[in-house]
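Undergrad: After the structure tokens below, expect a handful of questions from me.
The values are calculated or read from the model by the stated rules, or taken from the named source; none is laboratory data. Only a predicted model underlies this, so the values are computations on that prediction, with no experimental measurement involved. When we count neighbours, we look across all protein chains shown, and the Cβ atoms used for this are built from the backbone with ideal geometry, even at glycine. Accessible surface areas use protein heavy atoms only, side chains included; no ligands, DNA or RNA. Shrake-Rupley method; radii C 1.70, N 1.55, O 1.52, S 1.80 Å.
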Amino acid sequence: MLRAIIPAALFIVLAGFLWIGLYKDPSLVPSPLIGKPVPEFTLSTLKDPTKNITQADFAADYALINVWATWCVACKQEHQALLNLAAQGVPIFGLNYKDDRQSAIQWLLEDGDPYVMSAFDESGRVAIDFGVYGAPETFLIDRQGIIQHKLIGVMTPVIWQNQFVPKINQLAAAPTQSYE
Amino acid sequence: MNKIIALFVCLLATQLVYAEIINVQPQYEDRYQSLLEELRCLVCQNQTLADSSSELATDLRVQVKDMLEQGSSDQQILDFMSARYGDFVLYTPPVKSHTLFLWLGPFALLLIGVVTALWMIAQRAKQAPTISEADQQRLHNLLADQDTGEK
Amino acid sequence: MIPELGQFALIIALCLAIAQSVLPMWGAQTNNLNLMSVGRTAASGQFLFLLIAFLCLAYSFVDNDFSVQYVANNSNTLLPIYYRISAVWGAHEGSLLLWVLALSGWGFAVAVKSRSLPDDVIARVLAVMGMISIGFILFTLLTSNPFDRMFPAAAEGRDLNPLLQDPGLVIHPPMLYMGYVGFSVAFAFAIAALISGKLDSAWVRWSRPWANIAWVFLTIGITLGSWWAYHELGWGGWWFWDPVENASFMPWLVATALIHSLAVTEKRATFKSWTVLLSILVFSLSLLGTFLVRSGVLVSVHSFASDPARGVYILAFLAVVVGGSLTLYAWRSVQFSTGGRFEVMSKETMLLLNNVLLVVAMLTILIGTLYPLFLDALGLPKLSVGPPYFSAVFVPLMLPLIFLMGLGPIAKWRRISISELFHKLKFLLAIAVILGVILPIAIYRDTTIMTSLGIAAGGWAFATAVYAVARLIMKRDKTTSVFKSLSKVPRALYGMSVAHIGMGIFIFGVVFTSAFSDQKEIAVKVGTSVDLAGYSFLLRGVGPNQGPNYQAMRAQVDVTQDNVPIVTLEPEKRVYTVQRNPMTEASIDEGLFRDLYVALGEPVSPGEWGLRIYYRPFVQWIWIGAMLMAIGGILGATDKRYRASANRAA
């Protein structure tokens, strides 16, 4: 009798997993960089090719690093949301990803510039170190330069409130926390 | 929503940008090919780096080629990729505590299955027959009269 | 008007399915012949109205009626007529309609073909099939109605996915679905037996040919899918361990176990409980496959666009059907009698072990396919389970299976003596081992342990299958001619032999292709050539080519071997007018011993193109072998004793 119940029991377990699976996105790949320091890099800034930018320039209580490009349609969709955040005083750094310098500068002139500054990653090499696989992506880093969160896809006010604000509040609550 | 975006990015990548063919120095060609078969493209998922025509795949192919030419071992290259993109990029799941069931499960199931089956058969064979072997034989012959060809 | 007619027909089919599932079941429980006879009528009517619905949708496609959402999404005025018809099942909604049509087709066949069966049995079987129909027709109507109109109508359709514009895709889904839903018959017989409590082995004899034929369809369907992937995806591979492929392979493995287990139960009245469980399992896996493909829980190259509502519906349906039948099984299975006695060393044991191996192989694929989902659900890091995992785990499971596969047909029922069996087979075993060593070295001057083991396994399957027939001929008395004794061999035995020979040929193909393939992905200037596996590929030129609904660049590649021209291959890079995504159309010179496969890549610089060139030895043997398996299945299902019962009915 016990033997006969085994198939049904196994099926119930399987169905439970499938049920949970329905509400997960299988194509979303979480970054292994969360909890790790921002990768070291040196790139020229977007607006001034002679000026360099490195990970040390991100120093702030917290900062966003936003991966963007003019060829990326979804980046256009989140642009207004980023402008609003910048207006609230959120420091956003741009990582301009495999783009044309002139069109990128042009875009910022026309649609507004939410970025404190943007790094210009023409070859995409630095983006590989960041584990970027599709623009737009947005990283949240803390004062020590540790990556705390990563969003793959379009930033919206709702996502900002639900995913980023709680993390930032946590960081503010534990300002001296060490990540060693 | 995210799925739609991912798909869109994937289409966009295959549409606008032509995947470059990267000519690798002949001495690295075999290792290069087999590494690409081991790595999963994150843009057009379910394609290997070798098959994907997305721009990221091209960049990563260049990365693999450069590392090969700088003398990196296969394992170093795979580690480089998984450090940035997670174990998701590896088509061969690494053996870790949470993959033990994946790697050992099939063989454990095989063992359980075969042992259970043989044990049950042995139990049955041990049961004393309720009728004599000769009767049993006759009964089977009667029941299986049309089976002659398939013994 | 026509689409509304189609929808109306679909609703009538639903009503008939409800009648088919309730009335005959009630009749069987109360022994009311009139109610029981409703089953046949309702099943025939359901099939008729689903056929009407299907034809209405096909008409909308042929007629380019872009006011129908599904047609507008999957067709185009420029689409050739044969692809407009195959576009009917080119996406989720229409393929679901094909699914229910196939299901009712099986129901109709059961209603017509089973006149010799007891009325209460057939009533219950048709009732169970009616219940499955209700589930799927409701699914179609509620979440995936192919007849939905759109206002305003589209001026032009968005075209069929270019990947699906291939002859292989015209017949692959119908075959596959016929296989999937075909197991609903064996399932229905098993459930009917459980409900009635008559757990003798009579139902097995009725169920067996149906399971065989469904297995044939599934085999053909999977083979065509693999053949399509090889031709159309442009990667030179024939199996990718993609979730969608795995979804069809899992029921196949268990179905293979089932057709063997049915044989044991029919002949020896044993393993009854196991056979019932397998019948339930095969159909459950068909449903699980549907869930995996249509719910979007897994990433796949060719899954349908997903919608959470559909996932929830199928999962609920899965829970009702599988959960319900497994509960019924748990409740009734204590009543099974044990059946004929046999020793540990016997044909029965061989077949049971073969079943265990096949089920473990299925579980391996299930674990591998769903592992990313398990980890995600538990909040653990994501990972990918790809082809390297499956080859590492699957091959060690297959080798003992193939060894048993050779022993099975030779071993005797009830009891075998190991020394006698070894005495009979040592010669064949030696042949297999020698083949494994000699063949790869003779052809390719190279081998590895795995390659030799693989070839030996193929040789073993082949040799034992031939021997199973040959020994009957050798045993004939001197007065009978060889031909006469060949004609006396039962067709079922031929079926087994042909299917096992097919397996042997399939293994040869798999082993040689994976061990000795060669490939190059390389940038080539027009006028220069590339060498691969002793062939020289000269890129003569690349020029534009206009198709009915696409523009293409077509390359001419002259292939020579030792300066002797072999063939000119013309691979294309197509851009379809509507969907715009570029498509690779590989050009293949197919041969019995090797395929030469060229796919055109992207322009690298003016006058320089990327080429993917593949040398694939013995790859055709994979599909030839699989087709022989299907032919073996047909021979088995049309054996005299099944035809005899059908004739009695007529």
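Undergrad: Give the carbon-plus-sulfur fraction of the accessible surface of the stretch A:29-173 in %, rounded to a whole number; probe 1.4 Å, heavy atoms of protein chains only.
TA: Carbon with sulfur: 53 percent of the solvent-accessible area.
Undergrad: In square nanometres and to one decimal, what's the mean projected area of the convex hull around the Cα atoms of the protein assembly as shown?
TA: Dividing the Cα hull surface by four gives the mean projection, 45.5 nm².
Undergrad: In square angstrom and rounded to 100, what buried accessible area do you get between chains C and B, total over both, with the probe at 1.4 Å?
TA: The contact between B and C buries close to 5300 Å².
Undergrad: Considering protein heavy atoms only and a 1.4 Å probe radius, which residues within the stretch C:567-604 exhibit an accessible-area decrease of no less than 30 Å² in the full assembly relative to the chain by itself?
TA: SASA drop of 30 Å² or more in the stretch C:567-604: C:N581, C:P582, C:E602.
Undergrad: Against the globular-protein guess of 2.2 N^0.38 Å, express the Cα radius of gyration of the stretch C:1-50 as a ratio, rounded to two decimals.
TA: Working: Rg = 12.6 Å, N = 50, 2.2 N^0.38 = 9.7 Å.
Working it through for the stretch C:1-50, the quotient is 1.30.
Undergrad: Let me ask something additional. Of the accessible area of the stretch C:50-199, with the probe set at 1.4 angstrom, what percent is carbon plus sulfur?
TA: 66 percent
Undergrad: Taking H as built 1.01 Å from N, whose amide H comes closer than 5 Å to the amide H of C:V524, not counting residues under 5 places away?
TA: Close amide H contacts, sequence-distant or interchain: C:W609, C:G610, C:L611.
Undergrad: Would you mind getting me the FRET efficiency between C:A309 and A:I20? Use the beta-carbon distance for r and R0 = 22 Å, nearest 0.05.
TA: Approximately 0.85, to the nearest 0.05.
Undergrad: Across the residues of B:45-51, average count of Cβ atoms on other protein chains within 10 Å?
TA: Partner Cβ neighbours, averaged per residue: 6.
Undergrad: Quick one: accessible area per residue over the protein assembly as shown, 1.4 Å probe, rounded to a whole number of Å²?
TA: 41 Å²
Undergrad: I'd like the Karplus ³J(HN,Hα) series for the stretch C:126-139: coefficients 6.51, -1.76, 1.60, θ = phi - 60°, whole numbers in Hz, and an x wherever there's a Gly or Pro.
TA: 5, 5, 4, 5, x, 4, 5, 4, 3, x, 7, 5, 4, 4
Undergrad: Sticking with this one: When the helix-only estimate is applied to the protein assembly as shown (DSSP H runs of n ≥ 4, each -39,500 (n - 2.57), divided by the residue count), what is the mean residue ellipticity at 222 nm, nearest 500 deg cm²/dmol?
TA: Result for the protein assembly as shown: -19500 deg cm²/dmol, rounded to the nearest 500.
Undergrad: When the accessible area of each residue in the stretch C:380-420 is compared between its chain alone and the complete protein assembly (1.4 Å probe; ligands, DNA and RNA ignored), which residues differ by at least 50 Å², being lower in the assembly?
TA: C:K382, C:L383, C:S384, C:P388, C:Y389, C:R414
Undergrad: Using the Karplus equation 6.51 cos²θ - 1.76 cosθ + 1.60 (θ = phi - 60°), what ³J(HN,Hα) coupling, rounded to whole Hz, does each residue of the stretch C:580-596 give in order, writing x for Gly and Pro?
TA: 6, 7, x, 10, 8, 10, 5, 10, 10, 9, 8, x, 5, 10, 6, 10, 10
Undergrad: Could you derive backbone 3J(HN,Hα) for the stretch A:37-53 from the dihedral phi with the Karplus parameters 6.51, -1.76 and 1.60 (θ = phi - 60°), listing whole Hz in sequence and x where the residue is Gly or Pro?
TA: Using θ = phi - 60°, the values come out as x, 4, x, 6, 7, 9, 9, 7, 6, 5, 7, 10, x, 8, 9, 9, 10 Hz.
Undergrad: List the extent of the Cα atoms of the stretch C:73-195 along each of their three principal axes, largest first, rounded to whole Å.
TA: 55, 31, 20
Undergrad: I'd like the FRET efficiency for A:R143 and B:Q33, computed as 1/(1 + (r/R0)^6) with the beta carbon distance as r and R0 of 45 Å, rounded to 0.05.
TA: Efficiency, rounded to the nearest 0.05: 0.50.
Undergrad: Another question, then. Averaged over peptide B:27-40, how many Cβ atoms belonging to another chain are found within 10 Å of each residue's Cβ?
TA: 2
Undergrad: Turning to a different aspect of this structure: Sort C:470-479, C:445-454, C:16-25 for me by packing, meaning the mean count of neighbouring Cβ atoms within 10 Å per residue, highest on top. Please list the in-between numbers first.
TA: Values: C:470-479: 10.6, C:445-454: 15.4, C:16-25: 24.1.
Top to bottom by mean Cβ count within 10 Å: C:16-25, C:445-454, C:470-479.
Undergrad: Along the Cα→Cβ direction, 7 angstrom out, place labels at B:Q25 and C:D589. What is the inter-label distance in nm?
TA: Once both label points are built, they end up 3.4 nm from each other.
Undergrad: Roughly what would the spin-label model give for B:D79 and C:I171, points 7 Å off Cα along C-beta, in nm?
TA: If labels sit at B:D79 and C:I171, their model points lie 5.3 nm apart.
Undergrad: Percent of alpha carbon pairs in the stretch A:1-104 separated by more than 16 Å?
TA: Above the 16 Å cut-off, the stretch A:1-104 has 74 percent of its Cα pairs.
Undergrad: Net charge within 14 Å of C:A193 by Cβ-Cβ distance, Lys/Arg positive one each and Asp/Glu negative one each, not counting C:A193 itself?
TA: Values: positive: C:R124, C:K198, C:R205, C:R208, C:K272, C:R332; negative: C:D120, C:D200, C:E266.
Overall, the nearby charge balance is +3.
Undergrad: In peptide B:102-115, what is the residue-averaged number of other protein chain Cβ atoms found within 10 Å of each Cβ?
TA: Taking all residues of B:102-115 together, the mean is 6.
Undergrad: Quick one: order C:C56, C:C15 from most to least accessible surface, probe 1.4 Å.
TA: Solvent-accessible surface, decreasing: C:C15, C:C56.
Undergrad: Can you tell me the convex hull volume per residue for the stretch C:179-235, based on C-alpha atoms, in Å³ to the nearest whole number?
TA: In the stretch C:179-235, the Cα hull volume divided by residue count equals 68 Å³.
Undergrad: Could you check the spin-label model distance between C:M474 and B:A125? Points 7 Å from the Cα along Cα→Cβ, value in nm.
TA: Taking the two extended label points, one gets 2.6 nm.
Undergrad: Under 5 Å between amide hydrogens, which residues at least 5 positions from C:R594 or on another chain qualify, with H placed 1.01 Å from N in the peptide plane?
TA: C:F618
Undergrad: Same structure again: Mind jotting down the three principal axis lengths of the stretch C:555-650 based on Cα atoms? Whole angstrom, largest first.
TA: 73, 44, 15
Undergrad: Quick one: which residues, 5+ away or cross-chain, put their amide H under 5 Å from the amide H of C:R149? H built at 1.01 Å from N.
TA: The list, which skips near neighbours in sequence, is C:Q69.
Undergrad: Another question about this same structure. Summed for both chains, how many Å² of accessible area, to the nearest 100, are buried between B and A with a 1.4 Å probe?
TA: On the way: alone 11470 and 10510 Å², together 19910 Å².
Chains B and A together bury approximately 2100 Å².
Undergrad: Now for a different question. Label 7 Å along Cα→Cβ of C:T448; the stretch B:73-106 residues with amide nitrogen under 15 Å?
TA: Counting only backbone N, you get no residues.
Undergrad: Shifting gears a bit: For the stretch B:22-90, which whole-number percentage of the solvent-accessible area (1.4 Å probe, protein heavy atoms only) is attributable to carbon and sulfur atoms? Provide the component values of the computation, followed by the final result.
TA: Numbers: 1040 of 2390 Å².
C and S fraction of accessible area: 44 percent.
Undergrad: So how long is each side of the stretch A:29-173 along the principal axes, counting just the alpha-carbon atoms, biggest first, in Å?
TA: Cα spread of the stretch A:29-173 along its principal axes, largest to smallest: 41, 29, 28 Å.
Undergrad: Another question, then. Around C:L57, what is the net charge, scoring Lys/Arg as +1 and Asp/Glu as -1 over all other residues with Cβ under 14 Å from its Cβ?
TA: Summing Lys and Arg as +1 and Asp and Glu as -1 gives -3.
Undergrad: While we're here: Whole-Å semi-axes of the stretch C:359-466's equivalent ellipsoid, largest first, each the root of 5 times a Cα gyration tensor eigenvalue?
TA: 35, 21, 8
Undergrad: When 1/r is averaged over all different Cα pairs and the result inverted, which Kirkwood radius in Å belongs to chain C? Provide the component values of the computation, followed by the final result.
TA: Details: mean 1/r = 0.0374 Å⁻¹.
Every distinct Cα pair counted, the radius reaches 26.7 Å.
Undergrad: What's the buried accessible area, both sides, between A and C using a 1.4 Å probe, rounded to 100 Å²? If you can, show how the numbers build up before the last one.
TA: Details: alone 10510 and 27180 Å², together 35630 Å².
Between A and C, the summed buried area is about 2100 Å².
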